[in-house]
Amino acid sequence: MNGELKCHRCPKCNGYGCPDMLPGLGGVMGGVNFQANCADWKALAGTVDAGELDAVEVLPSKLRCGPVTGAVENIGFENEEDFYFPYLKNAHDADFGLCIGDGCPDEKLKFGIAAVEKIEKEAGAGAAATGTSGAPLDAAFFLKPYPQERLFERIEWIGPHARYIGIDIDSYNILTMRNLVNLERKTATQLEEFRKRAGVPFVIKGVFTDEDIELVKEVHPEVVYISNHGGRVETRKGSTADFLAAEGPKLKKYCDQIWVDGGIRTRRDIQTALYYGADQVIMARSPIRATFDEHYDEFLKELGL
């Protein structure tokens, strides 16, 4: 790939090699939540009988690549557009679900849409050549919490391609977008209004606090996505692993599915998340690096896929 990866390629990606590395692939608050995300899956796995975790089946259909933008400033690509197609195509070829992110300027979301369109076109051509019907992509789009009218405009952009549409509720507080755009903390009423416009299953992404749980109770989204943005937003200290274990059973009463990300690196991490009630497990830093360094096959082998 053209560019220089903003990652130290540590033998273990656990947040200690890149504290406060923003822009870049690090975290905020000294990397404390990034580090906790990684460590706590291991700690949580240690509380479960190993045989029970071994019995948890890891299927590609349970996995998704994370919603990522900022390829130049955060990842190190020479050109923003160069990231989206290989990142999403690698995930699609592995039979993972796709997550497409939003960003500033608008071209970042549009590059993601264009990559999805290209994958859809290739999949359709392949299906036609074999006389089969091409299945629609399992694509989930996550929008930043812009003012409502701007969000409604974005729904029109992504609507033809989206199986799920969500709002990244915690990203109003993301360091790399401060002073660039007008983002706002969404109310339950605003989320419900957006949900009606979306017309597909709705995801609340960034659920990580008591206040977020109250939003979920009011809105009853189809999907709750537990995330602290990979430790990249200023929020309470803690890990997504512990949050899933503690709050997952409560949240499941108010949604159909729970998705989770944050520090998931190994097959055992995935099994632990699924064991504790996650329906989908999302990974970002590992597939980003595997895409940039062009070793996706090795990444899949490490997961036992």
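Observations on the model:
- For Leu5, the requirement of being hydrophobic (A, V, I, L, M, F, W, C), more than 15 Å from Asn228 (Cα to Cα) and not in a loop (DSSP other than H, G, I, E, B) is not met.
- Any hit, region 201-218, residues being without any contact (Cβ under 8 Å) to a residue 60 or more places away in the chain and within 23 Å of Val58 (Cα to Cα): no
- From Gly124, Gly70, Gly101, residue being in contact with a Gly (Cβ under 7 Å, 6 or more places away or on another chain), open to solvent by less than 10 Å² (accessible area, probe 1.4 Å) and over 19 Å from Val203 (Cβ atoms): Gly70
- Residue in region 234-253 that is surrounded by 24 or more Cβ atoms within 10 Å (Cβ to Cβ), assigned to a loop (DSSP other than H, G, I, E, B) and modelled with pLDDT under 95 present: no
- Close pairs (6 angstrom Cβ cut-off, 6 or more residues apart or separate chains): over 12 Å from Ile264 (Cβ atoms) in region 36-53, of a type in the set (S, T, N, Q) and buried (at least 19 other Cβ atoms within 10 Å of the Cβ) anywhere: Ala36/Ser239; Leu53/Gln271
- Any hit, region 161-176, residues being closer than 24 Å to Tyr84 by Cα and of a type in the set (Asp, Glu): yes
- Members of region 1-55 that are at positive phi and of a type in the set (Asp, Glu): Asp20
- Residues within region 147-167 that are of a type outside the set (Lys, Arg), part of a helix (DSSP H, G or I) and open to solvent by 20 Å² or more (accessible area, probe 1.4 Å), tallied: 8
- Contact annotation: residue pairs with Cβ atoms under 8 Å, 6 or more positions apart or on different chains, pairing a residue in region 94-121 that is closer than 21 Å to Tyr146 by Cβ and β-branched (Val, Ile, Thr) with a partner that is modelled with pLDDT under 95 and not in a helix (DSSP H, G or I), are Val116/Leu137.
- Residue within region 209-221 that is closer than 20 Å to Ile174 by Cβ, open to solvent by less than 30 Å² (accessible area, probe 1.4 Å), touching a strand residue (DSSP E or B) at 6+ places or on another chain (Cβ under 6 Å) and hydroxyl-bearing (Ser, Thr, Tyr) present: no
The values are calculated or read from the model by the stated rules, or taken from the named source; none is laboratory data. This one's a predicted model, so the numbers in the text were calculated from it and none came from an experiment. Methodologically, a virtual Cβ is constructed for each residue, glycine included, from the backbone with ideal geometry; neighbour enumeration extends over all protein chains shown. Please note that ligands, DNA and RNA were not included when accessible areas were found on the heavy atoms of the full protein model with its side chains. Shrake-Rupley method; radii C 1.70, N 1.55, O 1.52, S 1.80 Å.
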